[in-house]
Amino acid sequence: MKKIILLCAGGMSTGMLVKKMQEAAAAEGLQCTIEAFSHAEAKEKAADADCILLGPQIRFAKDKIVAACPGVPIDAIDMKIYGRMDGKGAIDVAKKLMGI
């Protein structure tokens, strides 16, 4: 079971994307948990994740999050994927980060 964490400014805006990602993951049989949190909670909530996706509005915080969660692959979600709430697109980014 893979653990995918989304981080954004407050943990709220990614909530809708989490649902879309869960649907996309289920459709392709990917066993994972997907949760969203504020980037301020990175160390507590995401240090044991298989990958972390950042909302485009906090891409500036990537270095800080990398330092808080060493060894966890991290990337920002493309603005188009995020804006369209493209669950499959976001799952594809996560799979690439996890080497799947």
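The values are calculated or read from the model by the stated rules, or taken from the named source; none is laboratory data. Keep in mind it's a predicted model, so treat the numbers as computed, not measured. In this analysis, Cβ positions are derived from the backbone assuming ideal geometry, glycine residues included, and neighbour counts consider all displayed protein chains. All accessible areas refer to the heavy atoms of the entire protein, side chains included, with ligands and DNA or RNA removed. Shrake-Rupley method; radii C 1.70, N 1.55, O 1.52, S 1.80 Å.
Taking the options A61, A24, name whichever one is within 17 Å of P73 (Cβ to Cβ) and part of a helix (DSSP H, G or I). Going through A61, A24 in turn, just one is within 17 Å of P73 (Cβ to Cβ) and part of a helix (DSSP H, G or I): A61.
Would you be able to say whether some residue in the stretch 62-79 is in contact with a His (Cβ under 8 Å, 6 or more places away or on another chain) and open to solvent by less than 30 Å² (accessible area, probe 1.4 Å)? Yes, that holds for at least one residue.
The set of residues in the stretch 9-33 being on the phi > 0 side of the Ramachandran plot and surrounded by fewer than 18 Cβ atoms within 10 Å (Cβ to Cβ) consists of G29 alone.
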